[in-house]
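Asks: For reference, the structure I am asking about is given below.
The values are calculated or read from the model by the stated rules, or taken from the named source; none is laboratory data. Since the model is a prediction, treat every value here as computed from it, not as a measurement. Virtual Cβ from ideal backbone geometry, glycine too; neighbours counted across all protein chains shown.
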Amino acid sequence: MKKISHWIDGKVVEGTSGRSGVVWQPATGEQQASVDFASVEETGHAIAVAKAAFASWRSTNLSRRAEVMFHMRELVDANRKEIASLLSSEHGKVLGDALGEVARGLENIEYACGVPNLLKGGYSEQASSGVDVYSIKQPLGVVAGITPFNFPAMVPMWMFANALACGNTFVLKPSEKDPSASMFIAELLKQAGLPDGCFNVINGDKVAVDAILHHPDIAAVSFVGSTPIAKYVYETGTANGKRVQALGGAKNHMLVLPDADLDMAADAAVSAAYGSAGERCMAISVVLAIDSVADALIEKVKARIPNIQVGSAADAANEMGPLITGEHRDKVAGYIAGAAAEGATLVVDGRDGAPGGGFFLKPSLIDNARPGMKCYDDEIFGPVLMVTRVKTYAEGLALINDNQYGNGTAIFTRDGGVARQFQFDVQVGMVGINVPIPVPVSYYSFGGWKASLFGDQHMYGPDGINFFTRSKVITSRWPDPATSTVDLGFPTNR
Ligand code: NAD
C-alpha cells in the first residue's frame, strides 16, 4: 500500500504521530494509499524549518526569485499529464477536467514570474524640501496554505506562487483526501531551484490546522474550503494575530431571461452543474428560470443529461467522474431523496443507473426548488442541478442577493442593459454575463462575498500580492548641513 508522508526541508519525512488517513480511489471505491497525519510537534518542526529558511529567501534578489518561478512554470508545463493523472486517481475527476485544473493553476505561476514588476512601490520626490517619500512591499515571513479536496493542484498554486515569489516561506496543509499532487509539486519546486525549507507540506487533519492557527511563527493563513471551517479558521487565526483570508462554500445561481439563447443557456447550465461531478465552488447549482421560458429550458437540460458519459478517468470518453468518497456520495444522494418530500419535483434521478464499484452518481435535475428546502438552502457539492421558477428579473435578483453565499453567479440574456444592471445590483463576488463559470484569470483576483469569503483580500492576482506582503513607507532626507537647524514644531510641508 502506498504511503504518503510529509515534505519538510526539501525531502520526504516519515510521519511519527502514529495517526493516518485513507486515500481512496473514488473510481473503484478501494483504498489506494494511507496518508500520515501530522502531530502538533511535526507541524511545529515544519514551521521552524520554514522560519529558518526565511532570512535567506527574502534576501534572494528579485531576478533569482522570478527565475525559480520561470523554471517552475516550465516544469509544471512539462508534467501536466503526470499531475493530472494524480488528480484523476485520487480525486476522481476525468483527465480533461484535471488537465484544465493544471492549466488554470499554471496561470498563477506565470503571474508570479512577473514579481519584480508586481513588487514595485511608489516614489514621491520632493514631498517636502529635500525630503522624498517612497513605499516598499516586504514579505510577511512564514505563511500557511490550507486547501480543499476539489482542486488539489490549482488551489495550492493560487497561494504558493505569489507567496514564494514575494519572499515568504510556505507551509502547505493540503486536503487529506488527495494529497499526492502537493507532494509532487514540492519535488518540482525543488527541481526549479527553490532552496530547501522554503516550501513544506504537512499532511493531516484538524490537529495540523489548529497547530498552524496557534503557532506564533505563522504570519498569515490562506484557506479555501467549506464555510463553517473557513469561519473557524478566520476567527481562530485572527484571534491569534494572523492575517487570514478564508474562502468558503457557495450556492451559485444562473439567471436565465426570456431573451436568452436557450440552447446556449442549457449547454452552459449542464456543463457548469455537472462538470467535475458538481464538486466545484463555482459550479452552477440553481437555475433561476423566468416562468415564460422555464418549461422549454428544463426540457433542453433534461434532453442533454442522458448524453453525459459517467465513469472513470481510465476511459477518455467519460465526461463526469465519481464523487470524492462513499460518505459524500451518500450525503448527496440523501439530498436527492429528500427533495421530493420537501415539495420539489425530481425530474432526473441520478441515483438510477450509476456505475457500480466507485462512488458514482449520475446527474440529477430537480424542479420547483424553493428557499426553505434543504436541497435549495444547503451547498450540496454534487451533480445536482435545481431549477427555481421566478416571475421577473427582480424576483431572481432578490433570491441571489438573499442567499447566504455570494461566490459566483451568471446571467444569460441578449440585453446588454439588463446585464449591466445585474452587474451593478448583484451581491456576488464573481459575475458571468453569458459565462457560467466566471473564474477570474490570474491577473484579477478570485473571491466571493458574504459567507463565501472571510477576510479583506481576495485570492491570487493583485490581491494575492497584497495579502502576502506588507507595505512600509519611508520618509527620507539626506544630510545637508547648510540647511540644518533645531525646530521643535510639527513637520509640515507647506
Ligand atoms: P473542508 O472545509 O472540509 O476542508 C478544507 C480544509 O480544511 C482541508 O485541508 C481539511 O483538512 C481542513 N479541515 C476540515 N475540517 C476541519 C476542522 N474541523 N478543523 C480544521 N480544519 C479542518 O472542505 P472540502 O470538503 O475539502 O472542500 C469542499 C469545500 O470547499 C466546498 O464547501 C467548496 O465550496 C469549498 N471551496 C471553496 C472555494 C472557493 O474559492 N470559495 C474553492 C474550492 C472549494
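Asks: For the condition in contact with a helix residue (DSSP H, G or I) (Cβ under 7 Å, 6 or more places away or on another chain) and either away from the ligand (no atom under 11 Å from the Cβ) or small (Gly, Ala, Ser) (or both), what is the one hit in Gly122, Gly141?
Replies: Being in contact with a helix residue (DSSP H, G or I) (Cβ under 7 Å, 6 or more places away or on another chain) and either away from the ligand (no atom under 11 Å from the Cβ) or small (Gly, Ala, Ser) (or both) holds for just one of Gly122, Gly141, which is Gly141.
Asks: Looking at (1) of a type in the set (Ser, Thr, Tyr); (2) in contact (Cβ under 8 Å) with a residue 24 or more places away in the chain; (3) within 23 Å of Gly121 (Cα to Cα), can you tell me which one Tyr444 breaks?
Replies: (2)
Asks: How many residues does segment 38-53 contain that are more than 18 Å from Lys206 (Cβ to Cβ) and in contact with a strand residue (DSSP E or B) (Cβ under 7 Å, 6 or more places away or on another chain)?
Replies: Number satisfying all stated conditions: 5.
Asks: Residues in segment 219-243 that are in a loop (DSSP other than H, G, I, E, B) and touching a helix residue (DSSP H, G or I) at 6+ places or on another chain (Cβ under 9 Å): how many?
Replies: Within segment 219-243, residues that are in a loop (DSSP other than H, G, I, E, B) and touching a helix residue (DSSP H, G or I) at 6+ places or on another chain (Cβ under 9 Å) number 3.
Asks: Can you name the condition, by its number, that Met183 falls short on among (1) surrounded by fewer than 24 Cβ atoms within 10 Å (Cβ to Cβ); (2) within 9 Å of the ligand (Cβ to nearest atom); (3) hydrophobic (A, V, I, L, M, F, W, C)?
Replies: Of everything listed in (1) surrounded by fewer than 24 Cβ atoms within 10 Å (Cβ to Cβ); (2) within 9 Å of the ligand (Cβ to nearest atom); (3) hydrophobic (A, V, I, L, M, F, W, C), Met183 misses just condition (2).
Asks: Would you mind finding the one in Leu213, Leu255 that is farther than 24 Å from Pro116 by Cα and not in a helix (DSSP H, G or I)?
Replies: Numbers: Leu213 fails: not in a helix (DSSP H, G or I).
Among Leu213, Leu255, only Leu255 is farther than 24 Å from Pro116 by Cα and not in a helix (DSSP H, G or I).
Asks: Further question on the same structure: Out of everything in segment 260-307 that is touching a Gly at 6+ places or on another chain (Cβ under 6 Å) and within 22 Å of Leu397 (Cβ to Cβ), what residue ends up being farthest from the ligand (Cβ to nearest atom)?
Replies: The qualifying residue farthest from the ligand (Cβ to nearest atom) is Leu288.
Asks: Just for segment 236-259: of the residues that are surrounded by fewer than 24 Cβ atoms within 10 Å (Cβ to Cβ) and farther than 27 Å from Tyr376 by Cα, which one is nearest to the ligand (Cβ to nearest atom)?
Replies: Filtering first and then ranking leaves Thr236.
Asks: Which condition breaks for Phe199 when tested against (1) in contact with a Phe, Trp or Tyr (Cβ under 8 Å, 6 or more places away or on another chain); (2) closer than 30 Å to Val143 by Cα; (3) within 14 Å of the ligand (Cβ to nearest atom)?
Replies: Result: Phe199 passes all but (3).
Asks: Yes or no: Ala294 small (Gly, Ala, Ser), outside the structural domain of Gly100 (by TED's automatic domain parsing) and over 25 Å from Glu101 (Cα atoms)?
Replies: The answer is yes for Ala294.
Asks: Could I ask something else about it? Asp97 versus (1) within 16 Å of the ligand (Cβ to nearest atom); (2) free of Cβ contacts under 8 Å to residues at least 40 places away in the same chain: which is the lone unmet condition?
Replies: The one condition Asp97 does not meet is (2).
Asks: Also, quick follow-up: Taking segment 282-315 on its own, how many of its residues are surrounded by fewer than 18 Cβ atoms within 10 Å (Cβ to Cβ), in contact with a strand residue (DSSP E or B) (Cβ under 9 Å, 6 or more places away or on another chain) and part of a loop (DSSP other than H, G, I, E, B)?
Replies: 2
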